[in-house]
Structures are given as C-alpha cells and as structure tokens.
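First up is the structure itself, then whatever we jot down about it.
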Amino acid sequence: MSTHDTGPPDMGNRADFWARRMADASDTVTVAERDDFTAWLLASEENEMDYRRAVGVLQLMASLPPSAQSALISPSGEGRAESARIAGRRNILKFASLAASVAIGLVAGGIYLENRGIFGESHSTATGETSTVKFSEGSVAYLNTRTRIRWLGSGNDRRVELIAGEALFDVVHDETRPFSVMMDGSEIRVLGTRFNVYRKDSGDVVVTVLEGTVEVRGFAQGPSQPEWVRRVKANQQIEYRPIGLVAEPHSADALRAVTWRSGVLQLPEEGATITSVLDELTRYTDKRILIRDPQIAGIKVGGAFNTRDVKSALQKLQMGVPTIEVHESEGLYTLDLRAAATERN
Amino acid sequence: MGTVINILQARGNTADFVSRLSRAHGPQLLRYLERMLGRKDAAEDVAQEAYLKLYRLSRPNEVNSPRALLFDVATKLAIDRIKQAKVEAAAKDAEVEMNEVADEAPRPDRRALLDEAMQRLTHIIEELQPSLRQVFVMRYVTQMPRQEIADKLHITVGAVEQRLTRALTHCRQRLAAHGIDWVGLE
C-alpha cells in the first residue's frame with residue numbers, strides 16, 4: 001500500500017508524517033520523495049523543530065518501560081486500575097513540570113548552570129554498574145544501577161541528594177551533625193544507621209531500614225513544612241510518592257531489599273507479577289524489554305534473578321513459565337505467549 | 001569543600017561511551033539516518049558524529065543518555081548536513097557556518113525533561129480517541145507490523161498510516177501544550 005504517493009490531503013501533519021516515514025518504515029524512500037522531504041524541512045525553522053519533536057516522540061515510544069507498556073496494552077479491566085494509578089500521578093507530574101520549568105527559566109538566564117558547581121560533587125553509575133562512594137566524614141553510599149547522588153552538605157550538616165536510582169547508606173553516628181538524604185518532596189533524616197533508598201523512575205520511593213531508625217518527611221510546599229513525618233525502624237519499610245504515603249511503615253525483609261548488592265533480584269515469598277520483575281530487570285540493561293501479549297503481564301513468578309546478566313535472567317523466566325517465549329533481537333528482548341507466537345509465525 | 005573522597009568514573013572514556021550507545025541503538029539509528037540522508041556512508045558519518053557530540057554534551061556524571069536525545073542530536077546533525085549540501089550545490093565556494101558551538105559548557109538537563117516527557121506520554125496516549133489509540137499502541141508498543149494491524153481491524157494499511165500520523169500529531173502537540181520541549185535546548 002502506498003499512502004506516500006498520494007497528495008498532501010492524506011498526509012496529515014507533515015512533521016509527523018515525515019518523522020514516521022523516516023524513523024518508522026522499511027520500504028525505500030525514493031529520490032523524489034526525499035527531495036520533497038528536504039524542501040519541506042528546510043522551508044522553515046518551525047518545520048525543522050516540529051520534525052525533531054516528532055522523531056523524539058517516536059523514540060520515547062521505543063523506550064517505554066514494561067509497566068507503562070502493559071498499562072497501555074492491557075484491555076479495559078486491568079488497564080483501568082493502572083490508569084487510575086497513573087491519574088494519581090498527575091499531581092506528581094504537576095510538581096515535576098513546575099520544577100522543570102523553574103530549571104529551564106533559570107537556564108535561560110544562565111544562572112542554573114553557572115551555579116551548579118558550588119553544590120558539590122555528584123556521582124553516578126551506568127546501566128548494570130554498582131559503585132561505592134565514601135564521604136570524608138566516614139559515611140558510605142553504595143550505588144546500584146543508573147543512580148545519581150550529589151553531596152549537598154557544608155560545614156555542620158551532612159546532606160546527600162538522591163537524584164535518581166537506588167543507594168544503600170551506611171551512616172556514621174554523629175549526634176551533632178544529622179545526616180539526611182534529600183529528594184524532590186521528601187527527606188530522610190538519621191543520626192547513624194544503615195538504610196536503603198530506592199527512588200523509582202515512576203516517582204515512587206521505597207525506604208528500607210536495616211539498622212537504627214530514620215525519620216522520613218514528605219513535603220508538599222517546601223522543606224519548611226513537612227506534610228507528613230514517619231519514623232521507620234530496623235526491619236521496616238515505608239513506601240511513598242510525591243503526593244503522599246503509599247504504605248505506612250511495616251515490617252519487611254530488609255535484607256531482601258539489598259540483595260542488589262550481590263547482583264540478585266530476590267522476589268518476595270508470595271511471588272511477584274512478571275511486569276514488576278521486568279520493570280526491575282529493565283534497570284540493568286540498555287536493551288528494551290517488550291511484552292507482546294497483555295496476558296503475560298499478570299502472571300506471577302517467584303525466585304531469584306541474576307541482574308548482572310539480564311539475558312540469563314529472562315531465560316530463567318522462560319524456563320519457569322513454559323507458556324512464555326523470549327526472543328532476543330537487536331536492542332530488544334521480546335516476551336510473547338508461546339501459543340500466540342506460533343500463531344503469528 | 002572536598003567532602004567526597006572517592007571520585008568514580010561515570011560516563012567512562014569516549015570509546016566505552018560510544019560502544020555502549022552503538023550497541024544499544026546503533027542499527028536503528030543507522031537505518032533512520034540512511035533513510036533521511038539517502039546515503040549509507042553519510043549515515044555512518046553522522047551516527048559517529050552524534051555519539052561523539054553526545055559524549056561532549058553529557059555532563060560528566062551523566063551516563064545513560066536517553067534514546068530520544070541521541071536521535072535528536074543525530075537528526076540535528078543530519079539536517080545541518082542537508083543544509084550544507086544544499087548550500088554547496090548553490091555556491092561551491094560558500095563556507096557554511098555550522099552552528100557547532102563550543103561543547104565544553106555544561107548543558108541544561110534535557111534528560112530530566114525527557115524522563116518527564118516519558119511519564120506524561122503514557123497518560124496522553126490513554127486520552128487518545130480509541131480508534132487512534134488502538135493503532136498507536138499496536139504499532140509502537142507491541143510493534144505489530146502495519147499489515148497485521150490492518151488485517152486485525154479490517155481497515156487498509158493506508159488508513160493505519162493515517163491514524164498513526166494523527167495520533168503522533170496529537171501526542172506531540174499535547175506534550176508541547178504541557179510545556180515539555182527538549183528540542184533546541186542547546
């Protein structure tokens with residue numbers, strides 16, 4: 001079929017048409033067609049920008065995490081629960097976009113970037129990497145995959161910003177200098193203890209305490225007025241997102257929360273859905289993990305997976321759930337139902 | 001300040017960075033650039049240039065460049081190349097002034113913006129009218145071939161294409177309406 005040789009009325013918006021034509025098709029682009037494209041592209045700055053934006057949206061679609069994928073592909077029932085969850089995130093996004101707009105506003109004035117340096121050193125890990133950061137006052141942070149932290153402390157306070165990802169903090173006791181981990185909209189304060197903070201891409205934060213006690217504060221307006229404050233003790237866990245608490249402090253297998261340090265994703269005894277397993281595995285690979293059938297999303301699995309070798313983790317998943325078939329192709333792992341895969345081929 | 005003792009390697013050296021990017025996205029990027037530029041050698045040049053430019057653009061602490069950012073850097077370079085070819089064809093002696101700015105300065109956090117765009121996009125797709133949403137999800141989430149989508153929905157491939165373009169227009173415009181724009185923040 002060729003919509004491409006029909007005239008402009010059928011093309012729809014040119015920016016999106018051309019972006020799809022270039023970035024999402026495999027048939028030949030003819031010389032005449034490319035001439036049309038080039039002429040349109042160079043006709044105005046706006047065309048150029050819109051084209052780049054459209055290509056960008058297509059690439060974002062190619063990087064959706066498994067949880068977003070299954071929310072989108074699942075038929076009404078499940079999807080609705082998930083969209084309710086996402087709707088709940090609107091407030092988060094409001095904060096996020098506010099923060100983003102402030103940042104951009106300052107960038108225009110050149111202040112934001114200029115001043116960045118004085119906020120101190122930052123550290124990060126790449127996909128699949130872990131790393132250890134020692135602060136001069138003696139505390140240590142162990143970073144999991146795709147994590148960024150920044151030291152914000154000066155003089156009498158010890159503050160670390162967790163910008164993204166997950167870290168286990170081993171804090172040296174010092175009553176005169178409280179240690180805190182800062183995030184957008186929340187803060188964790190301690191005197192001396194050992195705790196794990198996992199800041200998910202979705203905005204959710206899970207804090208697990210291994211030793212001692214921490215105090216977690218959630219802010220709606222700013223650090224001066226905590227909206228809520230909770231104490232979390234050893235072997236307890238709390239889960240929250242920028243709009244409020246998801247789970248009050250509850251007892252938890254704290255050691256399970258830090259098996260990532262040995263490259264293991266240990267599932268709880270009651271098991272977990274495949275989607276949640278894939279969301280975790282995605283953190284450890286640059287390849288995209290794609291779910292082709294919504295029925296896969298809800299399947300429950302158990303056990304432990306090797307996060308240092310995502311391919312073998314997926315093979316293990318396939319062995320454990322024989323109805324699933326895992327394919328590997330360039331930049332992509334695909335999970336399909338075995339029956340559906342046979343039917344498709 | 002000097003609070004931090006252990007400075008760790010983040011984005012790694014150039015070669016590591018480039019090989020990581022090309023392993024993850026190389027083949028798709030090359031295919032895209034080849035379609036845009038019409039030449040394989042030009043596509044390879046631009047892809048290499050894009051990896052290196054992204055390396056220079058990244059803050060030292062940035063490691064996982066989002067795919068959308070890589071494609072945008074490459075698109076910009078490809079457009080520059082198209083412009084240059086055009087000018088060269090018009091006047092052989094005219095030197096084009098490429099907007100290749102000094103890359104040492106730190107950059108605005110396009111990454112954070114793209115993370116936000118990703119979250120917002122899921123919601124925007126859910127709001128799409130069902131006929132558009134369905135084909136958009138089939139094509140770009142489950143990566144179903146166009147013909148298969150057409151067969152399933154009993155519509156022509158042409159109709160599938162039109163819906164995809166309309167859905168993309170909607171998504172792009174909704175993101176813009178939320179003030180999320182990562183293009184041109186250089």
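Here are a few things to note about the model shown:
- For peptide B:135-142, the mean count of partner chain Cβ atoms within 10 Å of a residue's Cβ comes to 5.
- Formal net charge of residues neighbouring A:Y333 (Cβ-Cβ distance under 15 Å; K, R +1; D, E -1): -2
- Each Lys and Arg Cβ is given +1 and each Asp and Glu Cβ -1; about its Cα centre, the stretch A:209-261 then shows a dipole of about 80 debye.
- Prolate/oblate/rounded label for the stretch A:263-344 (Cα gyration tensor, a/c 1.5): oblate
- Where B:E49, B:E116, A:E270 fall by accessible area, highest first, once all protein chains stay in place (1.4 Å): A:E270, B:E49, B:E116
- The heavy atoms of A:D157 offer some 50 square angstrom of accessible surface to a 1.4 angstrom probe.
- Pairs over the 20 Å Cα-Cα cut-off, from the set B:K40/B:K83; B:K53/B:K86; A:K134/A:K200: B:K53/B:K86; A:K134/A:K200.
- Net charge in the neighbourhood of A:G263 (other residues with Cβ under 15 Å of its Cβ; Lys, Arg +1, Asp, Glu -1) is +3.
- Largest to smallest accessible area among A:S70, A:S136 [probe 1.4 Å]: A:S136, A:S70
- Residue-level accessible surface for A:M49, protein heavy atoms, 1.4 Å, Å²: 40 Å²
- Mean per-residue shielding of peptide B:74-83 is 3, counting Cβ atoms of other chains within 10 Å of each Cβ.
- Cα centroid separation - the stretch A:179-247 against the stretch A:120-135, whole Å: 20 Å
- Assuming charge only on the beta carbon of Lys and Arg (+1) and of Asp and Glu (-1), the dipole of the stretch A:122-252 about its Cα centre is about 60 debye to the nearest 20.
- Between the stretch A:280-345 and the stretch B:129-149, the alpha-carbon center distance in angstrom: 21 Å
- The solvent-accessible area of B:L164, taken with every protein chain present and a 1.4 Å probe, is close to 0 Å².
- Among residues other than A:Y142 with Cβ under 11 Å from its Cβ, the summed charge is +1 (Lys and Arg +1, Asp and Glu -1).
- Length, then width, then depth: along the principal axes, the Cα atoms of the stretch A:122-252 run 36, 32, 29 Å.
- Ranking B:R133, B:R174, A:R158 by solvent-accessible area of protein heavy atoms (1.4 Å probe, all protein chains present), from largest to smallest, gives B:R174, B:R133, A:R158.
- Per-peptide packing, taken as the mean over residues of other Cβ atoms within 10 Å, places A:189-197, A:317-325 in the sequence A:189-197, A:317-325 from highest down.
- The stretch A:244-335, relative contact order [Cα under 8 Å, separation at least 6], %: 30 percent
- For A:136-149, mean number of other protein chain Cβ atoms within 10 Å: 2
The values are calculated or read from the model by the stated rules, or taken from the named source; none is laboratory data. For clarity, every value in this text was computed on a predicted model and none was experimentally measured. Cβ coordinates were reconstructed from backbone atoms using ideal geometry, including for glycine residues, and neighbour counts include every protein chain displayed. Heavy atoms of the whole protein, side chains included, go into the accessibility calculation; ligands, DNA and RNA do not. Shrake-Rupley method; radii C 1.70, N 1.55, O 1.52, S 1.80 Å.
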